[in-house]
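Remarks on the structure that follows.
Bear in mind these aren't lab numbers, they're just calculated from the coordinates by the rules spelled out. The model shown is predicted, which means the values in this text are computed figures rather than measured ones. Ideal geometry is used to build each Cβ from the backbone, glycine not excepted, and the neighbour counts take in all protein chains shown.
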Amino acid sequence: MKTIQELEEIRKRTLDKVNQRKDRTTTRIVVGMATCGIAAGARPVLLAIMEEVEKLGLTDVVVAQTGCIGLCKMEPIVEVIKPGEEKVTYVKMDAEKARRIVREHIKDGNVVEEYTMHVIQGKILNDYKVEKE
Amino acid sequence: MRELSLHIMDIIENSISANATLIELYIEEDTSKNILTIKIKDNGKGIEEEMLKNITDPFVTSRTTRRVGLGLSLFESTCLRCNGSLKVYSMVNVGTEVVATMEHNNIDRPPLGRIEDTVVSVLLNPKIDLLYQHTVNDKKFVLDSREIKRILGSEDISSPEVLLWIKEYIKENLKEISGGAF
């Protein structure tokens, strides 16, 4: 059974980590969390991102939430903002896709093209194949 | 919404948008009276009286991206379906309180679901404090983010390590108070 005292140990362990994080430029991962996002399954996405960040030991990353991004049919939406780079918007996320983004984009720096939002002739499409044709 | 915990999360997101700094979440399961009560209280900016009258109308919203707001109306319809009700009390500059009741054993009542996931996603917001109290008949579990911050000696508890610990902590304690039924 977990006791609240265990937090003491976490405190000792994480003290250095927190200090480190403040000194660097951080990557922000933002998940849309309005009614639309939540109903579409944003919570497991958020949790998966958090777990993957922890698993990979990434320290210069902040996981944050926002309200309705204004594109409800594409929810769950995840935005990745790396310092000095253009914002990347991922649409129709699920927990597995989110984990892949953390591994490949956040950790290794390769944008996962197939999950990003695509605008074709003024219409937003998320079907990667359409763009290829 | 498939789980009550998702409704709760949705309502709390409203509180956060209303600049609340402290959110209180009370869940009471009384199986002898067959009532499940969910109360969400915040110290946000409150709702104007005029708006409060029709607050569960899907066409009443403060959002600017479009003219529909489904959060409270969806939650209300869930309550009504389970022979319960949803009430919203609010005062401008004081805060808002949402009280939802349902028949505990109603066949249409969604499960509470992963309440720990909801709590953790709320605590990811660095400026929000959360008091979460869950009672099942005579057993009680309380989690207060202010206490966690005090023990950690830090205002920042949004690191994954701490949050994942909180998640497991809630899970274990809920199992305890509900007699292993979670």
Under 5 Å between amide H atoms, partner at least 5 residues away or on a different chain: which partners does residue B:109 have, H built in plane at 1.01 Å? none
Just to check I understand the Karplus step: with θ = phi - 60° and J = 6.51 cos²θ - 1.76 cosθ + 1.60, what whole-Hz values come out for region A:109-114, glycine and proline as x? x, 9, 5, 7, 3, 5
Calculate one ³J(HN,Hα) per residue across region A:118-124 by plugging θ = phi - 60° into the Karplus curve 6.51 cos²θ - 1.76 cosθ + 1.60, and present them in order as whole Hz with x for glycine and proline. 10, 10, 10, 6, x, 9, 8
Under the rule of at least 5 residues apart or a separate chain, name every residue whose amide H is placed under 5 Å from the amide H of residue A:125. A:118, A:119, A:120
Prolate/oblate/rounded call for region A:50-99, Cα gyration tensor, a/c under 1.5 rounded: oblate
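Please state the shape class of the protein assembly as shown: rounded when a/c is under 1.5, otherwise prolate if a/b exceeds b/c and oblate if not, all from the C-alpha gyration tensor.
Numbers: a/c = 1.73, a/b = 1.19, b/c = 1.45.
Oblate shape, in that a/c is at least 1.5 and b/c is the bigger or equal ratio.
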Whole-Hz couplings from phi, Karplus 6.51/-1.76/1.60, listed for region B:90-98; x for Gly and Pro: 7, 9, 4, 6, 10, x, 9, 10, 10
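Ignore the peptide's own chain and count Cβ atoms of other chains within 10 Å of each Cβ in B:149-162; give me the average, rounded. Show your work: numbers first, answer last.
On the way: counts 1, 1, 7, 7, 4, 4, 0, 4, 3, 4, 11, 14, 8, 6.
For peptide B:149-162, the averaged partner shielding equals 5.
Out of the DSSP beta bridges found with both residues in the protein assembly as shown, what percent are antiparallel (nearest 5)? Each step should come with its number before you reach the end.
Details: 40 of 54 bridges.
Percentage antiparallel, nearest 5: 75.
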Per residue of the protein assembly as shown, what 222 nm ellipticity follows from adding -39500 (n - 2.57) for every DSSP H run with n ≥ 4, rounded to the nearest 500? -11000 deg cm²/dmol
Which entries of A:92/B:175; A:97/B:41; B:33/B:175; A:73/B:171 show an alpha-carbon separation above 26 angstrom in the structure shown? A:92/B:175; A:97/B:41; A:73/B:171
Relative contact order (percent, whole number), chain B, Cα cutoff 8 Å, 6+ residue spacing: 24 percent
How would you classify region B:4-177 from its alpha-carbon gyration tensor, with a ≥ b ≥ c the square roots of the eigenvalues: rounded for a/c under 1.5, else prolate if a/b is greater than b/c, otherwise oblate? oblate
Counting only residues 5 or more places away or on other chains, whose amide H sits under 5 Å from the amide H of residue A:64 once H atoms are built in the peptide plane? A:29, A:30, A:31
Write out the cysteines belonging to chain A for which the nearest other cysteine Cβ is not under 4.7 Å, or none if no such cysteine exists. A:68
Rg ratio (alpha-carbon, reference 2.2 N^0.38 Å) - region B:131-176: 1.23
Inter-chain Cβ neighbour average for residues A:27-38, partner chain, 10 Å: 5
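Just counting partner chain Cβ atoms within 10 Å, what average do the residues of peptide A:57-65 show around their Cβ? Before the final figure, lay out the partial values.
Numbers: counts 2, 1, 2, 0, 1, 4, 6, 4, 6.
Mean shielding by partner chains, rounded to a whole number: 3.
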Return the FRET efficiency for the residue pair residue B:53, residue B:106: r is the Cβ-Cβ distance, R0 is 41 Å, and the value is rounded to the nearest 0.05. 0.90
Give me the distance in nm between label points sitting 7 Å out from Cα along the Cα-to-Cβ direction at residue B:133 and residue B:62, one decimal. 2.5 nm
Longest segment of chain A lacking trypsin sites (Lys or Arg not before Pro) that sit in a DSSP loop with at most 11 other Cβ atoms within 10 Å: A:25-86
Between the helical axis of A:42-55 and the dominant principal axis of chain A, each derived from Cα atoms, what acute angle in degrees is found, rounded to the nearest 10? 50 degrees
Report, largest value first, the span of the C-alpha coordinates of region A:35-133 along each principal axis, in whole Å. 40, 30, 24
Specify the angular offset, from 0 to 90 degrees and rounded to the nearest 10, of the alpha carbon long axis of helix A:6-23 from the longest principal axis of the alpha carbons in chain A. 60 degrees
